[in-house]
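The values are calculated or read from the model by the stated rules, or taken from the named source; none is laboratory data. This is a predicted model, so every value here is computed, not measured. Every residue, glycine as well, gets a Cβ built from its backbone with ideal geometry; the counts of neighbours run over all protein chains shown. Calculation scope for accessible area: heavy atoms of the full protein, side chains included, ligands and nucleic acids excluded. Shrake-Rupley method; radii C 1.70, N 1.55, O 1.52, S 1.80 Å.
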Amino acid sequence: MDIYLKQTKLLDFNTPSIQNLIVEKGWKQLEEKEKIAAVYSFVRNEIKFGYNRSDDIPASEVLRDGYGQCNTKSILLMALLRALNIPCRIHGFYIDKKMQKGALTGITYLFAPNKIVHAWSEVYFNNEWIALEGVIIDEEYLNQVKDKLYNFNNGYIGYGISVEDKEKINICWQGKSTYIQSFSITDDLGVFNSPDDFFLKYNNTSSKLKRFLFDVLRRRINKKLDLIRGGICN
């Protein structure tokens, strides 16, 4: 299991900001299940759903930003878990961009590829790999948009959410897998030991031009997400 505990360039869990957070929260004193639950809850709700400058940024930068999407929240979640000696890996997919309608609109939606690179963290617990996709969407945002999801392909999608039944969304971690976007998965890209390996091969902002354009557009997106979260905007 040592390979699932290593620090990497993206999983920079020995940086002072991450180590100080772990000490401040007292996570090392918890039992394994409580460690996972505490870290999961922190990344889900204290790190807001939003868009960072790129998919492949270090965990310490995600923590500093205070927001993230599927790929970047997975990086931070993995870094915190490994810092607590809990094995984890990353599972990659392509996901249909239709589920982003509402979160992405206008030129930002048109700019997005039809298939978006998507990832979730998997933690090794009770002798099995458990998916932690539910970490992506914070509770405050979910409460504002769950009634705005629209019916598609016998499920409900929109605003960065894709579920089979919008009345049974439960993304609190209780020892089992959690999902919030999986209903729109189109392709399984496999599991990787580290996000570094995954994003070297698959990336939504692979070129310098795409990175520049996304960095400009994401600021507008994040402002809109904050308005939605505050109940100000539809």
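5 Å is the cut-off here: which amide hydrogens, built 1.01 Å from N in the peptide plane, fall below it relative to residue 69, excluding neighbours closer than 5 in sequence?
For residue 69, whose amide H was placed from the backbone, the distant partners under 5 Å are 50, 52.
Run the helix sum for the chain: -39,500 (n - 2.57) per DSSP H stretch of 4+ residues, divided by residue count, reported at 222 nm to the nearest 500 deg cm²/dmol.
The helix-only estimate for the chain comes to -10500 deg cm²/dmol at 222 nm.
In what order, largest first, do 205, 105 sit by accessible area if the probe radius is 1.4 Å?
Largest accessible area first, the residues go 105, 205.
Considering only DSSP beta bridges whose two residues both sit in the chain, what percent are antiparallel, to the nearest 5?
85 percent
Say R0 is 22 Å: what FRET efficiency, to the nearest 0.05, do residue 191 and residue 110 get from their beta-carbon distance?
0.10
Please calculate the 1.4 Å probe accessible area of residue 197, with all protein chains present, and give it to the nearest 10 Å².
80 Å²
What are the ³J(HN,Hα) values, in whole Hz, obtained from phi via the Karplus relation 6.51 cos²θ - 1.76 cosθ + 1.60 with θ = phi - 60°, for each residue of region 33-50 in sequence order, with x given for Gly and Pro?
Per residue, the Karplus-derived 3J(HN,Hα) values read 4, 5, 4, 4, 4, 5, 5, 4, 5, 4, 5, 5, 9, 7, 9, 5, 5, x Hz.
Could you order 64, 82, 53, 219 so the one with the most accessible surface comes first? Probe is 1.4 Å.
The residues order as 64, 219, 53, 82, largest area first.
Mind pulling the angle between the C-alpha long axis of helix 16-25 and the longest principal axis of the chain? Nearest 10 degrees, somewhere in 0 to 90.
Helix 16-25 sits roughly 80 degrees off the main axis of the chain.
Quick one: accessible surface of residue 182, probe radius 1.4 Å, all protein chains present, in square angstrom to the nearest 10.
Residue 182 has an accessible surface of roughly 40 Å² with all protein chains in place.
Rank 139, 34 by accessible area, highest first, at a 1.4 Å probe radius?
Largest accessible area first, the list is 34, 139.
Using a Gaussian network model on the chain with a 10 Å cutoff between Cα atoms, which of 191, 216, 163 fluctuates the most?
With Cα springs under 10 Å in the chain, the top fluctuation among 191, 216, 163 is at 216.
Please go through the residue pairs 6/101; 48/101; 115/223; 33/166 and name each one whose alpha carbons sit more than 29 Å apart in this structure.
Over 29 Å apart, Cα to Cα: 6/101.
Can you list the residues, at least 5 places off or on another chain, whose amide H is less than 5 Å from the amide H of residue 149, using H built in the peptide plane?
none
Would you work out if region 161-234 is rounded, prolate or oblate? Take a ≥ b ≥ c from the square roots of the eigenvalues of the alpha-carbon gyration tensor; rounded if a/c is under 1.5, else prolate when a/b is larger than b/c, oblate otherwise.
Because a/c hits 1.5 or more and a/b fails to exceed b/c, region 161-234 counts as oblate.
Could you point to the label whose value was computed as Rg and Dmax of the Cα atoms in Å for the structure here, given (1) 18.0, 54; (2) 17.2, 53; (3) 16.6, 47?
Given (1) 18.0, 54; (2) 17.2, 53; (3) 16.6, 47, the structure-derived one carries the label (3).
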